[in-house]
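For reference, the structure is listed below as structure tokens.
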Amino acid sequence: MAKSTSDAKPNLAATSWALLGLMSYEQEVSGYDIRKWTEWTMRFFYGSPAYSQIYSELKKLERLGLLTSRVENTGGTRNRRLYKITPAGLDAVRRWANEAPVDPPVLKHSPLLRVTFGHLTKPERLKEILHEHVAYADAMQREAAKDAKWAGVESSWAYAKIALQWAERYYASERELALKMLKELDEAEAAFADAGIESGDQIPWPTPEYWYEIEKKAEADD
């Protein structure tokens with residue numbers, strides 16, 4: 001028998017599920033609160049949505065009956081709109097957490113993309129990019145470690161602490177991999193020099209037939 005409309009899991013974007021997950025606690029929260037929470041946790045491994053995206057998704061979730069909102073009169077110049085998950089929203093996000101397929105991670109590594117096409121630039125520029133990435137990874141590791149430490153003060157944040165500890169280890173690995181690539185750039189530069197290729201110039205490229213030949217040999221290794 002087909003599921004009823006009320007039993008069917010809503011077709012939501014990943015950001016909406018993330019917001020519902022953040023709201024699955026008992027307290028009412030504002031859009032500002034949600035933004036602060038995503039900055040504290042999700043930015044290390046999933047990105048942090050902008051305010052405009054947060055409010056757009058909150059309105060959609062409210063239309064679907066997955067959360068409610070009310071305006072709190074603070075007595076100041078601006079009132080706050082507070083959001084609270086509904087029983088239907090809590091049921092939906094629980095079923096998402098337990099039943100929805102888990103998408104594989106999508107890696108978009110801009111520094112590595114630049115290295116892949118390193119023949120278009122100079123080794124010195126590639127090293128600048130990697131040194132910047134090392135500094136970025138180092139800063140993110142320290143920030144994740146700090147947030148993981150403070151997540152430990154509250155028992156209800158125990159699972160968030162695990163994610164933050166993972167982020168700390170991940171960025172430590174990113175830093176070490178970038179440092180290793182810095183050494184490997186010298187090897188690539190030497191390989192170009194041995195072949196008489198100048199970085200930044202148009203270089204000879206193997207024909208597609210040659211690619212396919214190499215692909216077959218690689219598959220034979222399996």
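The values are calculated or read from the model by the stated rules, or taken from the named source; none is laboratory data. Nothing here was measured: the structure is a model prediction, and the numbers come from that model. FYI the Cβ positions are ideal-geometry reconstructions off the backbone, even for glycines, and counts take in every protein chain you see. With ligands, DNA and RNA removed, areas are computed over all heavy atoms of the protein, side chains included. Shrake-Rupley method; radii C 1.70, N 1.55, O 1.52, S 1.80 Å.
Taking the stretch 19-31 as the range and being open to solvent by 20 Å² or more (accessible area, probe 1.4 Å) and in contact with a helix residue (DSSP H, G or I) (Cβ under 8 Å, 6 or more places away or on another chain) as the test, the residues that pass are Gly21, Leu22, Ser24, Tyr25, Val29. The residues of the stretch 194-213 that are open to solvent by 70 Å² or more (accessible area, probe 1.4 Å) and in a helix (DSSP H, G or I), listed by number, are Asp194, Glu209, Tyr210, Trp211, Tyr212, Glu213. Among the residues of the stretch 84-104, just one is touching a helix residue (DSSP H, G or I) at 6+ places or on another chain (Cβ under 6 Å) and either farther than 19 Å from Ile34 by Cα or of a type in the set (Phe, Trp, Tyr) (or both), namely Trp96.
In the set Leu130, Leu113, only one residue is open to solvent by 70 Å² or more (accessible area, probe 1.4 Å), under 21 Å from the mean Cα position of the chain (by Cα), modelled with pLDDT of 95 or more and over 19 Å from Ser48 (Cα atoms); that residue is Leu113.
Identify all residues within the stretch 32-45 that are closer than 19 Å to Gln165 by Cβ and either open to solvent by 60 Å² or more (accessible area, probe 1.4 Å) or touching a Gly at 6+ places or on another chain (Cβ under 9 Å) (or both); write none if there are none.
Within the stretch 32-45, Thr38, Glu39, Arg43, Phe45 meet the criteria.
The set of residues in the stretch 46-83 being open to solvent by 60 Å² or more (accessible area, probe 1.4 Å) and within 16 Å of Ser16 (Cα to Cα) consists of Tyr46, Tyr51, Ser52, Gln53, Tyr55, Ser56, Lys59, Lys60, Glu62, Arg63, Leu64, Thr68.
Any idea which of Val102, Val106, Val93 is within 23 Å of Arg43 (Cβ to Cβ), at pLDDT 95 or above and under 23 Å from the mean Cα position of the chain (by Cα)?
After applying the criteria, what remains is Val93.
In the stretch 152-188, the residue that is surrounded by the fewest Cβ atoms within 10 Å (Cβ to Cβ) out of those that are part of a helix (DSSP H, G or I), without any contact (Cβ under 8 Å) to a residue 40 or more places away in the chain and aliphatic (A, V, I, L, M) is Ala158.
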